[in-house]
Structures are given as C-alpha cells and as structure tokens.
Amino acid sequence: MSHPPTNGTPEQPLKVGVIGLGWAGQQHLDAYSRAPGVELIALAGLEEELRGELQEQHGIPHAFADWQDLVALEELDAVSVAVPTFLHAPIAVAALDRGLHVLSEKPLARNAVEGQDMVDAARRAGRVLDVAFNHRRRGDIMTLRRIIEAGDLGRPYYAKASWLRRAGIPMLGSWFTNREMSGGGPLVDLGVHVLDYALHLLGEPKVLSVSAATYSELGRHGRGGDERYSAMATQSAFEVEDFASAFVRLEGGGTLVLEAGWAAYREQDDLLDFQVYGTEGGARLHALGASKNPTADLRVFAEKDGRNADWSPEVKPGAGHQAVIDDFLAAVRGGPDVWGAHDGSLALTRARVIDACYRSAEQQREVDV
C-alpha cells in the first residue's frame with residue numbers, strides 16, 4: 001500500500017503520475033500542471049522520444065516505459081490512466097490495490113465485466129475511481145442542465161443525442177479498430193460520451209432496455225478517414241462498427257435516441273447535438289464542429305400566454321479536461337467521507353448500457369439492461 005494521501009496543500013502537494021503519452025495523456029499533464037497543490041512526479045509510456053520531451057516540458061522526475069514501474073512508486077497519491085481501453089482495467093485495479101486514487105479516460109473499460117472489477121477494486125481500497133467524461137463539462141451542456149433542473153421544460157419525455165463525423169475513423173489497423181483492444185467502434189468511443197451527457201441532462205433516469213443497430217460499411221473498405229486520423233496508414237482488418245444508433249427506453253416512460261458515427265456521407269463538419277422535448281418546453285444544442293467548437297448554438301423553445309417565447313441562453317465555454325482534473329482532485333481532497341461516492345459506479349452504468357446496445361445489435365432485437 002502507498003502512504004495515506006495528502007490533501008494537496010502547497011506545503012504537502014498531492015503527488016500524481018500519468019500513464020499514457022497521447023492526446024488524452026497530454027491533456028491530463030497540462031491540467032495537473034495548472035492545478036495548485038499538485039506535483040507531477042511520474043510519467044509512463046512506450047514512445048521513448050515523446051516520453052523524454054514531455055518529461056522535460058513538465059519537469060517530471062520519474063519517467064518509465066512500463067506502467068507497472070510507475071504504479072510501484074511509493075510516494076504516489078494518484079494516477080491518471082490515459083491508454084488504450086484494454087489496459088484500463090489491469091492498470092486501474094493494480095493502482096487501486098496499491099492504495100492510489102485513479103482517474104481513467106473513458107470508456108471505463110472494454111465492457112461492464114471489466115468495469116465491475118474496477119469498481120470492486122475502488123470499494124475494496126476505499127479510494128476514488130473517476131472517469132473523464134469531459135463533454136458534460138461543456139459550458140453549453142452545463143447551461144442546459146440548469147434550465148432543465150429549474151423545470152423550465154417541464155418533464156422531458158423524448159430526447160435525441162448524436163456525435164457524428166464525416167471521415168473520422170481513428171487509424172485503421174490501430175487499437176481503435178481492433179475489437180479485442182478497444183471493445184468496439186464509435187458506440188464505445190463517441191457513444192459513451194453521448195450517453196453520458198444525455199443521461200446527465202435528463203437527470204440520470206434509469207435505462208430499462210435498448211434496441212440498437214451497428215454498421216460497418218465504410219471502414220472495412222478502407223474509407224472513412226482523413227489526414228487527421230491517418231485512416232489509410234495500414235492494411236490491417238477493420239474489426240468494429242463505423243456507425244451505430246440506439247433507441248433507449250427510460251424509467252418513467254421517456255425515450256432517448258442515440259447516434260454515434262466515425263464515418264458517414266454527411267456534412268463535412270463533426271456534429272455534437274442534443275434535442276429534447278418536454279411537457280412545458282423544448283431545447284436544442286447544436287455544436288457544428290463538435291469538440292473543437294467551445295460553445296454550441298443553444299436554443300430553448302417556450303410558450304407564454306399562448307405565444308412562442310423562444311430564447312437563446314448566454315453560453316460560455318467550459319473548462320474541458322481541466323474541469324475533469326479539478327473535480328477529481330476535489331474528490332481526493334474530500335477525504336474518506338467523499339471517496340465512497342466516487343467509486344466508478346456512474347461510469348459502470350454507462351458501460352452496461354453500451355454492452356446492451358452491442359447485444360441488441362448482434363441479436364437484432366430489444367434487450368433489457
């Protein structure tokens with residue numbers, strides 16, 4: 001077991017390590033570097049040149065090729081896991097069993113079975129296990145959530161949520177398109193974000209059943225990528241879907257339609273979208289440009305005295321991964337009374353829904369969650 005975590009004061013900062021050198025890992029490194037009361041003391045990743053560059057950039061004393069060497073560091077308090085999905089569970093469980101707090105990139109794991117192992121480890125260790133759902137920290141989504149919570153839309157009964165790309169398959173032949181390593185395609189990659197922000201906006205209704213379909217029409221022919229994603233970099237087999245949709249039944253009678261696509265013949269710009277109909281009003285959040293667009297077009301549809309009273313709320317950009325890191329650090333500093341509420345359970349509910357969607361698509365029928 002590692003030493004008992006500090007509260008992260010300037011005199012006794014939280015000592016943190018990051019596993020993974022890609023885009024997500026670099027987001028975590030930057031956010032920790034900006035956070036007060038935090039000391040980045042370790043970095044792990046296979047890419048030797050990049051590892052050295054990031055170590056020098058952030059002034060990190062320890063850098064390893066093997067994640068196991070990082071987890072073994074005695075002085076660590078917490079670790080971020082920003083690696084391919086098949087490594088989330090083994091790394092998180094090992095870190096939690098050592099008494100470390102863990103922040104994992106999404107999805108929680110390849111499936112709910114592995115996710116349950118992670119949650120069990122967090123409960124066994126009495127430590128924090130959080131997952132980086134950064135899109136719920138968008139300013140537009142937080143604004144819309146306040147509007148829904150205030151009752152301005154009445155009772156939401158139907159919603160549709162999407163994240164769609166024209167040509168955005170992440171590297172054919174990489175771990176992203178290998179089913180064993182990734183757990184699936186855009187449904188588990190983008191769709192878990194969509195599911196998370198949609199349920200978050202709707203007040204966390206319980207999901208009862210799903211009816212889903214998956215498609216692999218472009219990626220298996222070597223199409224659906226551009227320069228950003230190097231889709232033609234290899235000739236390896238494409239083993240996952242490139243588009244998915246799901247009809248989700250919610251407790252209380254509400255329904256949610258999800259769409260997640262890496263590739264489809266649609267407009268060029270990525271789209272992150274949410275539309276909701278309620279008994280007293282509706283709303284649409286439309287972010288053309290998706291995650292590169294910090295504020296969406298947000299419109300609330302209302303009625304007053306029998307007339308349209310639609311309006312557009314003021315929206316400010318959110319803090320993205322910085323907010324994810326800040327929330328994780330706040331949970332760690334909250335002490336044992338807070339840690340139990342951060343055991344990965346919320347992310348596990350998402351994993352169970354995604355698993356049900358894949359079962360439904362395979363069986364071509366509606367399945368219970």
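Between rounded, prolate and oblate, where does the range 1-118 land on the alpha carbon gyration tensor, with a ≥ b ≥ c its root eigenvalues, rounded for a/c under 1.5, else prolate if a/b exceeds b/c? It is oblate, given that a/c is not under 1.5 and a/b is not larger than b/c. Put a dot 7 Å past the Cα of Glu366, heading toward its Cβ, do the same for Leu208, and the two dots end up 0.8 nm apart. Compute the separation of the alpha-carbon centres of the range 180-230 and the range 64-107 and state it in Å as a whole number. Cα centroid to Cα centroid, the span is 25 Å. Per residue, the average separation of C-alpha pairs within less than 8 Å and at least 6 apart gives the range 223-358 a relative contact order of 11 percent. Measuring from centroid to centroid over Cα atoms, what is the spacing of the range 324-358 and the range 244-294 in Å? Between the Cα centres of the range 324-358 and the range 244-294 lies a distance of 23 Å.
The residues packed around Leu100, meaning those with a beta-carbon under 12 Å from its beta-carbon, carry a net charge of -1 if Lys and Arg are +1 and Asp and Glu are -1. In nm, to one decimal, how far is the Ser33 label point from the Glu251 one, both placed 7 Å along Cα→Cβ? Going by the 7 Å Cα→Cβ label model, 4.4 nm. For the chain, the relative contact order comes to 19 percent (Cα pairs under 8 Å, sequence separation of at least 6). Packing here is the average count of other Cβ atoms within 10 Å per residue, and on that basis the peptides 346-358, 31-43, highest first, run 346-358, 31-43.
Across the alpha-carbon atoms of the range 177-225, the computed radius of gyration and Dmax are 13.7, 40 angstrom.
Peptide packing for 310-319, 257-266 was compared via the average number of neighbouring C-beta atoms within 10 Å per residue; ordered from the highest value, the list is 257-266, 310-319.
Between Lys316 and Ala330, residue separation times 0.36 nm minus the direct Cα-Cα distance comes to 2.8 nm. Here, P(r) means the percent of Cα pairs in each 10 Å bin from 0 to the largest distance; for the range 260-313 it is 22, 40, 25, 11, 1.
A Cβ-based charge dipole, computed about the Cα centre of the chain with Lys and Arg at +1 and Asp and Glu at -1, lands at about 920 debye. Ordering of 52-59, 127-134, 114-121, 278-285 by packing is 127-134, 114-121, 278-285, 52-59, highest average first (other Cβ atoms within 10 Å, averaged per residue).
FYI, it's all coordinate maths here, none of it is from the lab. Predicted model, so just to flag it, every value in this text is computed and none were measured. Glycine also receives a Cβ, built like all others from the backbone with ideal geometry; neighbour counts cover every protein chain displayed.
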